[in-house]
Amino acid sequence: MSNKLIITISFLVTSLAFSQEKSKDTLQLEEVIITPDALIGSKFKAKNKAGSTYFVSPKELKTFNYDDVSRILRTVPGVTIQEEEGFGLRPNIGMRGTSPNRSEKITLMEDGILIAPAPYSAPAAYYFPTVNRMQSFEILKGGSQIQYGPYTTGGALNMVSAQIPSNFSGNLISSVGLFNTKKTYVNIGDCFKNFGYLVEYNNRNSDGFKKIDFNGKKTGFQGNDYLAKFKVNTNADAKIYQSLTMKLQFSEDLSNETYLGLTQNDFDANPYRRYLGSNEDFIDTEHKQIMLTHLIKPLSNLSVTTKAYRNDFARNWYKLDFVKLGSNKVTINSILEDPITYQAEYNTITGTTNSTTNALGVKANNRAYEAKGIQTVGNYKFMIGQVENDLDFGVRYHEDFEDRFQWVDGYTIQNGVMLKTKTGIQGTDANRITSAKATAAHVLWNMNYGKFTFSPGIRHENISLTSRNYGTADTERTGINLVATENKVVVWIPGVGILYNLNDSYNVFASVHKGFSPPGTTVGEDSESSVNSEIGVRLNKKRLTGELVAYYNGFSNLQGSDNMSSGGTGTGDLFNAGKASVKGIEFLLSYEMLNSKTIKLPVSLTYTLTDTHLDSNFTSSIWGNVVEGDEIPYIAKNQFTILAGLEYKKFNVALSGKYTDSIRTVAGQGTIAANEKVNNNFIIDASAKYFLTKKVALMSNIINLLDSKYAVSRVPAGLRPGHPFGINAGIMARF
């Protein structure tokens, strides 16, 4: 019997042995998030929106204590996840057929503000907030999302960070696990009559589950995240209530991560291998945030929230880019796609033969980002006759930029050792600043009359995008070779939703809205545009809840992007994919099979069907030679998740199984060619808790319970694996 199987059995048996007597002392978590940082705030509100909406509650987050958003969102229908390195450090999230690459086609927010490094000018999210400091997740799709741009095609994701507590309290979550994985999260806070505070620290580190050839170098990561919030407010019974909250955040992440994957044969032999050519690959990031939130309630039925924010992000991803043995450079993507043709280059990156001086080009993808702005959102409730009116309105001014200042170093491999042979000059690979200025405004009017809710709304975006390319010869940026381009777009984004409550248990809803994504900096380049519609029905009856949604997105112009993370050249430029359509079904059903004072047995099923169709002929370095009828790559047609839990006395256990259909890596139709396919997989996770007291619990979770060996992607270059079997155990406590 394998050690992993013994550990698994021991984990389950030990957990069951803890179930001795009924506990009145369990960790109860508030399910309603009342804060200006939340967009929805509760499952009840999510189920009464005139559009598809999902709320991941604090209790759900504590079930598995994931620090990987890819696993948190596996229960949300309509969401596509493309894993990359197994830990969710830089997740790839798409919704309703939008490309998941670097989450660049959805509106990413933390506490209601845009959180991608440069959401307008360079939206590829190489930064993602530390997940296990979040209190809840809010997912909006369809007509419910037009308030939250600029990306309105697929959906919006808002992450609500831990809030200042109402009284003195603290939390500690700490665990250790396989691959020397360690996680520690601690916070402490208090709230007085006119002042409150919260401070927290989050550390994650691991040796990783891959090893580099020849030297066995570890491939893990380490990250630290620090956050503080301070709030001052008037008395709660003041005639005009006001509060001012300052949020300060700093994080740093160091990862021995690479873009270099494996050939099919090497992956089949050992999916957790890394070639020697990736020995120097490393990403170093820093993120800083300051946010001021002012809330005023001049009337009992009127509230206005203003947020001023600034996010600074810097990163240098130092990684193997090409091999040059003669006069021609061969990219790592080309080598991994065809190791026979490029046998000499393959032998170089694997270290099986010694290489010439400067044969390996390692690029310093050095970039700095800034995003800042101010936004005001108001809510006004009033009656007109028997019609209840809820008016949301807001305006935002935003600026951001991405500064690329990159270079390439030369390396050789001699006798199984990778040696630096040339130091590049900064700015000689890429020397460009892309920036954006945007003014956005929205109005959403919810009118409720009897069983009907009618929700018309409109969004306005006025965007100016600029590129200033200094050229690789002007490293001092004198402007002598400057090439400047500018693109502007002004767009109105309307939408309307309707909700009808059939009775206390059922409601039906439908929505239609315009889908939009900003264009690039090329003059005259079109933005992404679509008309999106959905119709759904919800059930909420005793122990049974569910939702069934059908949607259709018709694109007049679909966009793709040339990023290295998607297997491209790394320019970041957008390209037009012409007309396209995406249609699908999203299904969710939850049932409490048992719900008594001593035992609870909840189960749930989530299913997503996504059918994509390209309606134009074109050629792309990312999607290949596209002909009408091809499917969009990296979108699984079928996905489903099964979740089952058991709560008995002092003991909780949960199992989660996620199935992902095979995906194609280039556009195509019919049977997927073996070299353009990522096979389907079914991955099971497990968790268990034993409550020692009201405030202390022992916990453990298992990732990939059956130790399935599976591929998650063929980009950026070659196959890469999902997380193998991993077990973590620790303690969670509050005081």
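A count restricted to region 587-605 and to residues that are over 24 Å from the mean Cα position of the chain (by Cα), at pLDDT 90 or above and either under 30 Å from Phe322 (Cβ atoms) or of a type in the set (Gly, Ala, Ser) (or both) stands at 1.
Taking the conditions (1) surrounded by 15 or more Cβ atoms within 10 Å (Cβ to Cβ); (2) assigned to a strand (DSSP E or B); (3) of a type in the set (Val, Ile, Thr) in turn, Thr472 satisfies each one other than (2). For region 351-407, the set of residues classified as over 30 Å from Lys420 (Cα atoms) and among the aromatic types (Phe, Trp, Tyr) consists of Tyr380, Phe382, Phe393, Tyr397, Phe401, listed by residue number. Within region 401-420, restricting attention to residues that are of a type in the set (S, T, N, Q) and assigned to a strand (DSSP E or B), which residue is nearest to Thr472 (Cα to Cα)? Result: Gln406.
Here Asn446 passes the criteria (1) over 30 Å from Val523 (Cα atoms); (2) out of contact with any Asp or Glu (no Cβ under 9 Å at 6 or more places or on another chain) except the one numbered (2). When restricted to residues that are over 19 Å from Tyr397 (Cβ atoms) and open to solvent by 10 Å² or more (accessible area, probe 1.4 Å), region 102-121 contains 2.
In region 163-170 there is no residue that is assigned to a loop (DSSP other than H, G, I, E, B), closer than 30 Å to Ser52 by Cα, within 19 Å of the chain's Cα centre (by Cα) and in contact (Cβ under 8 Å) with a residue 12 or more places away in the chain.
Which one is nearest to Leu655 (Cα to Cα) among residues in region 553-586 that are at pLDDT 90 or above and open to solvent by less than 60 Å² (accessible area, probe 1.4 Å)?
Looking only at region 553-586, we keep the residues that are at pLDDT 90 or above, and these are 553-556, 580-586.
When the remaining residues are screened for being open to solvent by less than 60 Å² (accessible area, probe 1.4 Å), the result is 553-555, 580-582, 584, 586.
Numbers: Asn553: 34, Gly554: 37, Phe555: 38, Ala580: 38, Ser581: 35, Val582: 32, Gly584: 27, Glu586: 22 Å.
Once the filter is applied, the top-ranked residue is Glu586.
The one condition from (1) in a strand (DSSP E or B); (2) in contact (Cβ under 8 Å) with a residue 40 or more places away in the chain; (3) within 30 Å of Leu262 (Cα to Cα) that Phe179 does not meet is (1).
Kindly indicate whether Ala673 is of a type in the set (Gly, Ala, Ser), open to solvent by 30 Å² or more (accessible area, probe 1.4 Å) and either farther than 29 Å from Lys542 by Cβ or within 28 Å of the chain's Cα centre (by Cα) (or both).
Details: of a type in the set (Gly, Ala, Ser): yes; open to solvent by 30 Å² or more (accessible area, probe 1.4 Å): yes; either farther than 29 Å from Lys542 by Cβ or within 28 Å of the chain's Cα centre (by Cα) (or both): yes.
Spelling it out, Ala673 is indeed of a type in the set (Gly, Ala, Ser), open to solvent by 30 Å² or more (accessible area, probe 1.4 Å) and either farther than 29 Å from Lys542 by Cβ or within 28 Å of the chain's Cα centre (by Cα) (or both).
The set of residues from region 284-329 being surrounded by 15 or more Cβ atoms within 10 Å (Cβ to Cβ), without any contact (Cβ under 8 Å) to a residue 60 or more places away in the chain, touching a strand residue (DSSP E or B) at 6+ places or on another chain (Cβ under 6 Å) and of a type in the set (A, V, I, L, M, F, W, C) comprises Ile290, Ile296, Ala314, Phe322, Val323.
If only residues of region 638-666 that are modelled with pLDDT under 95 and polar (S, T, N, Q) are counted, the one that is nearest to Asn704 (Cα to Cα) is Asn652. Inside region 99-115, residues that are over 10 Å from the mean Cα position of the chain (by Cα), in a loop (DSSP other than H, G, I, E, B) and at pLDDT 90 or above make up a count of 4.
Here is a check on your reading of the model: is Val653 surrounded by 17 or more Cβ atoms within 10 Å (Cβ to Cβ) and without any contact (Cβ under 8 Å) to a residue 60 or more places away in the chain? No; evaluated as a whole, the condition is false for this residue.
Answer with yes or no whether Asp504 is touching a Pro at 6+ places or on another chain (Cβ under 7 Å), open to solvent by 50 Å² or more (accessible area, probe 1.4 Å) and modelled with pLDDT under 95. Criteria not met by Asp504. Of all the residues in region 336-355, those that are of a type in the set (Gly, Ala, Ser) and touching a Gly at 6+ places or on another chain (Cβ under 7 Å) number 1.
The values are calculated or read from the model by the stated rules, or taken from the named source; none is laboratory data. Quick caveat: nothing in here was measured; it's all calculated off a predicted structure. Cβ sites come from the backbone with ideal geometry, for glycine too, and all protein chains shown count toward neighbours. For accessibility, only protein heavy atoms count, side chains too; no ligands or nucleic acids. Shrake-Rupley method; radii C 1.70, N 1.55, O 1.52, S 1.80 Å.
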